[in-house]
Amino acid sequence: MITKKLLILAGDGIGPEIMTQVQRVICWMAKKRNITFDVNEGLIGGASYDKFGHPLTDETLQDAFDADAVLLGSVGGYKWDNLSFDLRPEQGLLRLRKNLELFANLRPAVVFDALVDASSLKTEIVKGLDIMIVRELTGGIYFGKPRGIEILSTGERRGVNTQVYTTGEIIRIADVAFDLAQKRGNKVHSIEKANVMESGVLWREEVQKLHDTKYSAVELYHMYADNCAMQLVRNPKQFDVIVTDNLFGDILSDCAAMLTGSLGMLPSASLGSLNAKGKRHAVYEPVHGSAPDIANKDIANPIATLLSFSMMLRYSFNMSVEADLLEQSIKNILDADLRTSDIMQLGKIKVSTTMMGESLISEMNKLTS
Ligand code: NAD
């Protein structure tokens, strides 16, 4: 009997309905595999603002500290768009990431054979694609100071954000990337704009230094961010692991996302450093947002969240057998032509969020019977 403390924060929009499908898998594991999660549920984003007046309360943050892992749905929606910046749903997410010091965001972009036609790129360009983007998540321009909007003596307004990285921040994210590459294709592309930004020059020098001292057996390439965006759509299979900063990682991972056809298929993991007890804070969440345009219609694709749960099994709990089983079941139901509307194609079977979840459980039963 394994018991792990799991905090579920379903959030806003489609968050709760896709999280229900993960709950099915959690129940299945308790019943069929004797794996029990000690599940605690909390609020984040707009849902938390509505109840407590803040997108992430101190109590929920403490629950996240105490958990072995956090599984998050999504935050945001039209309803909260006019709140002041510090009370917006997204601030709950940023506070969680910052406080748990989740500096490493892992975003796999994998093309399932069954969905190869869903990509906007030609089949031969994306078939078999398997990229891991490692994005720095707690530094850079989204957090750097000075920041703000000021009024100049001329009456003009000026908006300021600051790109800033220390050597320590660069080394720890590069270390995650090299370590992952060793377990995959043994290749890292480090991305910055060293041609026009001093922070990029520092980034390049530190990544190279770490490579030369600790990871010289891993292939390392440096690439400018604009070239990387172009290469991602020209020849994405040249990449194995991409490591980059917060801003470029935000943009490039969404670009890589589209290679796979749908935001609804993309999981992510955000990891902190190993502490003295050997524990690493971790938040797992789909790449997509709260999709308010399709919320409460039972049509959202739950696969990104299910794959996030699978990453959690693999990276936080070392349950690779269960992660493999879940991923194989997802692959099988896609091979059986089941599709939510976002990945629907001619001749396939359109299913609801609920039906996708139920079919997954049937498949898991089949594979383990
Ligand atoms: P979004 O990802 O929510 O939606 C973009 C498009 O993709 C929409 O048409 C949506 O219907 C579709 N989509 C997204 N996920 C889907 C799924 N699982 N199944 C089927 N279709 C799906 O991005 P957006 O519209 O730019 O943002 C909506 C809200 O989400 C905003 O408030 C934004 O701030 C927030 N957001 C939150 C996160 C997060 O929680 N990590 C990330 C991005 C955006």
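The values are calculated or read from the model by the stated rules, or taken from the named source; none is laboratory data. Here the structure is a predicted model, which is why all the values come from computation and not from measurement. Here the Cβ is made from the backbone with ideal geometry for all residues, glycine too, and neighbour counts use every protein chain on show.
Worth a mention:
- Each residue in the range 324-354 was checked for being within 15 Å of residue 262 (Cα to Cα) and of a type in the set (Gly, Ala, Ser), and 1 pass.
- Some residue of the range 70-78 being part of a helix (DSSP H, G or I) and of a type in the set (Gly, Ala, Ser): no
- For the range 185-220, taking the residues that are in contact with a strand residue (DSSP E or B) (Cβ under 8 Å, 6 or more places away or on another chain) and small (Gly, Ala, Ser), the one that is farthest from residue 166 (Cα to Cα) is identified as 185.
- Note on the range 194-284: enclosed strands (runs of 3 or more DSSP E) holding 3 or more residues that are farther than 21 Å from residue 72 by Cα are 219-224, 241-244.
- Qualifying positions in the range 292-324 - among the aliphatic types (A, V, I, L, M) and more than 8 Å from the ligand (Cβ to nearest atom): 295, 306, 307, 311, 312, 313, 319, 321, 323
- Candidate set: the range 229-251, residues that are buried (at least 21 other Cβ atoms within 10 Å of the Cβ) and not β-branched (Val, Ile, Thr); chosen: the one farthest from residue 342 (Cα to Cα): 245
- Here the condition is being acidic (Asp, Glu), in contact (Cβ under 8 Å) with a residue 12 or more places away in the chain and more than 16 Å from the ligand (Cβ to nearest atom); of 335, 342, it holds for 335 alone.
- Filtered by the rule that a residue be part of a helix (DSSP H, G or I) and either touching a residue at least 40 places away in the same chain (Cβ under 8 Å) or surrounded by 18 or more Cβ atoms within 10 Å (Cβ to Cβ) (or both), the range 316-327 gives 322, 323, 325, 326, 327.
- Flag if residue 313 is buried (at least 17 other Cβ atoms within 10 Å of the Cβ), closer than 21 Å to residue 32 by Cα and touching a residue at least 12 places away in the same chain (Cβ under 8 Å): yes
- Checking each residue in the range 26-50 for being assigned to a helix (DSSP H, G or I) and either farther than 23 Å from residue 362 by Cα or within 16 Å of the ligand (Cβ to nearest atom) (or both) picks out 46, 47, 48, 49, 50.
Yes/no matrix, rows are residues, columns are (1) in the same structural domain as residue 339 (by TED's automatic domain parsing); (2) in contact with a helix residue (DSSP H, G or I) (Cβ under 8 Å, 6 or more places away or on another chain); (3) more than 21 Å from residue 142 (Cα to Cα):
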| residue | (1), (2), (3) |
| --- | --- |
| 223 | no, yes, yes |
| 267 | no, yes, yes |
| 290 | yes, yes, no |
| 293 | yes, no, yes |
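- Flag: residue 331 matches the condition of being assigned by TED's automatic domain parsing to the domain that holds residue 28, of a type in the set (D, E, K, R), surrounded by 13 or more Cβ atoms within 10 Å (Cβ to Cβ) and in a helix (DSSP H, G or I).
- Any chance residue 210 is under 28 Å from residue 99 (Cβ atoms), touching a residue at least 24 places away in the same chain (Cβ under 8 Å), more than 16 Å from the ligand (Cβ to nearest atom) and in contact with a helix residue (DSSP H, G or I) (Cβ under 6 Å, 6 or more places away or on another chain): yes
- Qualifying residue in the range 120-130 (condition: assigned by TED's automatic domain parsing to the domain that holds residue 73, of a type outside the set (Phe, Trp, Tyr) and assigned to a helix (DSSP H, G or I)): no
- The residues of the range 41-92 include none that are aromatic (Phe, Trp, Tyr), within 22 Å of the chain's Cα centre (by Cα) and either buried (at least 23 other Cβ atoms within 10 Å of the Cβ) or not assigned by TED's automatic domain parsing to the domain that holds residue 10 (or both).
- Summed over the range 87-108, residues that are in contact (Cβ under 8 Å) with a residue 60 or more places away in the chain and either out of contact with any Phe, Trp or Tyr (no Cβ under 9 Å at 6 or more places or on another chain) or among the acidic types (Asp, Glu) (or both) total 8.
- Pair list, Cβ under 9 Å, 6 or more apart: the range 69-85 residue touching a residue at least 60 places away in the same chain (Cβ under 8 Å), other residue of a type in the set (S, T, N, Q) and near the ligand (Cβ under 7 Å from one of its atoms): 73/290; 74/290; 75/290; 76/290; 77/290
- When residue 56 is tested against (1) at pLDDT 95 or above; (2) part of a helix (DSSP H, G or I), exactly one condition is not met: (2).
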